[in-house]
1. Go through region 40-60 and count every residue that is in contact with a helix residue (DSSP H, G or I) (Cβ under 8 Å, 6 or more places away or on another chain), in a helix (DSSP H, G or I) and either in contact (Cβ under 8 Å) with a residue 60 or more places away in the chain or closer than 17 Å to residue 85 by Cα (or both).
2. I'd like to know if region 20-39 contains one or more residues that are touching a helix residue (DSSP H, G or I) at 6+ places or on another chain (Cβ under 6 Å), free of Cβ contacts under 8 Å to residues at least 12 places away in the same chain and under 20 Å from residue 7 (Cα atoms).
3. Looking only at residues in region 81-95 that are touching a residue at least 24 places away in the same chain (Cβ under 8 Å) and either out of contact with any strand residue (DSSP E or B) (no Cβ under 9 Å at 6 or more places or on another chain) or not in a helix (DSSP H, G or I) (or both), which one is nearest to residue 29 (Cα to Cα)?
4. Hey, can you tell me all the residues within region 50-63 that are more than 20 Å from residue 23 (Cα to Cα) and loosely packed, with under 15 Cβ neighbours inside 10 Å?
5. Quick check on region 13-30. Is at least one of its residues part of a helix (DSSP H, G or I), over 12 Å from the mean Cα position of the chain (by Cα) and either at pLDDT below 95 or surrounded by 13 or more Cβ atoms within 10 Å (Cβ to Cβ) (or both)?
6. What residue, among those in region 64-75 that are part of a loop (DSSP other than H, G, I, E, B) and either modelled with pLDDT of 95 or more or surrounded by fewer than 12 Cβ atoms within 10 Å (Cβ to Cβ) (or both), is nearest to the chain's Cα centre (by Cα)?
7. Looking at 7, 78, which one is farther than 18 Å from residue 93 by Cβ, without any contact (Cβ under 8 Å) to a residue 60 or more places away in the chain and surrounded by 13 or more Cβ atoms within 10 Å (Cβ to Cβ)?
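The values are calculated or read from the model by the stated rules, or taken from the named source; none is laboratory data. Since this is a predicted model, take the numbers as computed values, not measurements. Note: ideal-geometry Cβ built from the backbone for every residue, glycine included; neighbour counts use all protein chains shown.
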């Protein structure tokens with residue numbers, strides 16, 4: 001089986017999340033790592049770059065812990081923030 005490219009992996013992770021086949025913390029970790037470490041940004045269209053950058057920014061600062069949100073509400077994102085951004089990305093990129 002052929003290994004996915006980082007770009008393919010980002011799309012795959014979004015599909016897994018939409019189908020509830022990946023837990024949110026793992027999705028956020030995997031998406032952030034793939035986008036920030038593995039990806040060659042030149043492989044993306046301008047729209048993909050914008051959408052994936054925004055999602056990676058939110059995913060990288062996701063915290064499931066209420067204490068984090070109480071400590072600094074502007075430093076961390078909640079599940080609904082990730083969900084809304086995924087929804088936006090899916091709509092914009094026709095996933």
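1. So the count comes out to 11.
2. yes
3. That would be 86.
4. Those that are more than 20 Å from residue 23 (Cα to Cα) and loosely packed, with under 15 Cβ neighbours inside 10 Å: 50, 53.
5. Checked region 13-30: no residue is part of a helix (DSSP H, G or I), over 12 Å from the mean Cα position of the chain (by Cα) and either at pLDDT below 95 or surrounded by 13 or more Cβ atoms within 10 Å (Cβ to Cβ) (or both).
6. 75
7. Selected residue: 78, the only one of 7, 78 that is farther than 18 Å from residue 93 by Cβ, without any contact (Cβ under 8 Å) to a residue 60 or more places away in the chain and surrounded by 13 or more Cβ atoms within 10 Å (Cβ to Cβ).
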